[in-house]
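Q: The structure's right below; bear with me while I get my questions together.
Any read-out appearing in this document is the output of simple, stated calculations on the displayed coordinates, not a laboratory observation. Since we're looking at a predicted model, the values are computed, not measured. Backbone-built Cβ (ideal geometry, glycine too); neighbour counts: all protein chains shown.
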Amino acid sequence: MRIAEKLAASARGVSFECFPPKTEKGRKNLYCALAELEKYRPLFVSVTYGAGGGNKDTAVGTVLSLKKDFSFEVMPHLTCIGAPVGEINRILDTYKAAGIENILALRGDPPAALESFDESEGIFPHASDFIKHIRKEYGFSCGAAVYPEGHFQSASLEDDILHSAEKFSSGADFGVSQMFFDNSYYYDFLDRLDKAGIKTPVLPGIMPILNFEKIRELAASSAKVTIPAKLEQIMGRYSDPDDIRKAGIDYASLQCADLLKNGVKFFHFFMMNRSESAARIIENAGIL
Ligand code: FAD
């Protein structure tokens with residue numbers, strides 16, 4: 001079923017984002033985690049795609065297996081940067097034949113090795129161009145990535161909202177946000193989108209903190225995600241990984257409770273191929 005239709009027909013809902021496992025053990029762990037989370041009747045489970053298609057076969061293989069083995073909607077992510085259109089179309093053909101109905105259409109990051117990578121040379125320079133192609137040639141329902149604090153390459157928040165809005169006017173019928181640790185960024189983003197005339201639903205991306213150092217690194221690199229002083233303070237109290245994970249669950253539970261209070265109905269969890277944190281947050285916050 002198309003995700004936009006599911007969102008329109010649901011009062012509340014959760015979705016989960018996983019990454020393609022590299023080993024058989026990783027595959028078993030992912031399957032166990034998803035079997036646990038299936039009871040929440042996810043709106044969809046999305047599968048990431050390695051930047052530049054580095055893990056193309058594993059990503060496509062994971063999508064096809066999940067589609068075959070589970071009853072939930074599986075949504076592949078797909079990036080277009082630097083990829084020949086023939087290669088992209090072959091993947092889209094495979095997904096179409098497998099009964100996939102939704103794609104998270106992304107530009108992706110320029111390959112790190114190519115410092116002088118010229119984005120304008122791609123067939124689809126931006127996600128909005130890619131979305132138009134997918135809608136026109138394949139008819140999939142498309143999701144778009146959005147950034148409550150602005151994308152790291154955007155010159156300003158105004159510039160960012162213009163390009164976010166363009167993805168929706170190009171045919172994306174829902175958005176999924178980058179993680180954020182201060183809800184005001186998400187509320188402000190929705191306000192800016194609303195002022196730009198876009199009413200399309202945007203699921204907030206919720207990151208359960210498993211390893212705070214990794215989150216800090218990500219935030220300091222290209223992700224443009226603020227770590228609030230309050231979160232630093234809380235995490236500063238702990239060194240044991242279990243304590244950090246528990247504090248991360250508590251933090252995200254409060255974040256989700258506040259989002260619920262402010263009328264948010266749908267939540268997208270970056271599950272990191274594990275079930276426990278996402279499940280605890282859903283229960284603690286009373287999402288469903
Ligand atoms: P775009 O929408 O093209 O935006 C990229 C930049 O270009 C922005 O700064 C934007 O403001 C600007 N821009 C857009 N249109 C125009 C225009 N017409 N003219 C000028 N500037 C413009 N990456 C992966 O590799 N694999 C994944 O599976 C993956 N999953 C993700 C899931 C989520 C929920 C999110 C939030 C991100 C994900 N990413 C993933 C990261 C994403 O690929 C990067 O953030 C990438 O740098 C931008 O992709 P985009 O689709 O947002 O690009």
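Q: In which sequence would Tyr49, Tyr185 go, from the one with the fewest C-beta neighbours within 10 Å to the one with the most? Before the final figure, lay out the partial values.
A: Working: Tyr49 26, Tyr185 20.
Ascending number of Cβ neighbours within 10 Å: Tyr185, Tyr49.
Q: Now for a different question. How large is Rg/Rh for the chain, to two decimals, with Cα atoms and a Kirkwood Rh? Working shown, then result.
A: On the way: Rg = 18.2 Å, Rh = 19.4 Å.
Here the Rg-to-Rh quotient is 0.94.
Q: Still on this structure, I have one more. FRET efficiency for Ala35 and Met1, Cβ-Cβ distance as r, R0 = 22 Å, nearest 0.05? Intermediate values should be presented prior to the final figure.
A: On the way: r = 21 Å, r/R0 = 0.95.
For Ala35 and Met1, the calculated efficiency is 0.60.
Q: Now for a different question. Using the structure shown, list the pairs from Lys67/Lys195; Lys6/Lys28; Lys56/Lys136; Lys199/Lys246; Lys39/Lys96; Lys56/Lys246 with a Cα-Cα distance above 32 Å, or answer none. Walk me through the numbers on the way to the answer.
A: Working: Lys67/Lys195 38 Å; Lys6/Lys28 28 Å; Lys56/Lys136 23 Å; Lys199/Lys246 35 Å; Lys39/Lys96 27 Å; Lys56/Lys246 34 Å.
Distance filter (> 32 Å) returns Lys67/Lys195; Lys199/Lys246; Lys56/Lys246.
Q: What full-extension length gain, to one decimal in nm, is calculated for Asp109 and Glu276 as 0.36 nm per residue of separation minus the Cα-Cα distance? List each step's numbers first, then the result.
A: Working: separation 167, 0.36 × 167 = 60.12 nm, distance 2.98 nm.
Working it through step by step, the gained length comes to 57.1 nm.
Q: Can you sort His126, His268 by how many other beta carbons sit within 10 Å, fewest first? The partial results should precede the final answer.
A: Details: His126 18, His268 26.
With the sparsest Cβ surroundings first, the list reads His126, His268.
Q: Between Ser184 and Asp69, what FRET efficiency comes out of the Förster formula 1/(1 + (r/R0)^6) with R0 = 25 Å and r the beta carbon distance, rounded to 0.05?
A: So, using R0 = 25 Å, E works out to roughly 0.05.
Q: Pulled fully out, how much extra length does the chain show between Thr94 and Ala155, if you take 0.36 nm times their separation in residues and subtract their Cα-Cα distance? Mind showing how you got there, number by number?
A: Values: separation 61, 0.36 × 61 = 21.96 nm, distance 3.68 nm.
Gain on extension, Thr94 to Ala155, equals 18.3 nm.
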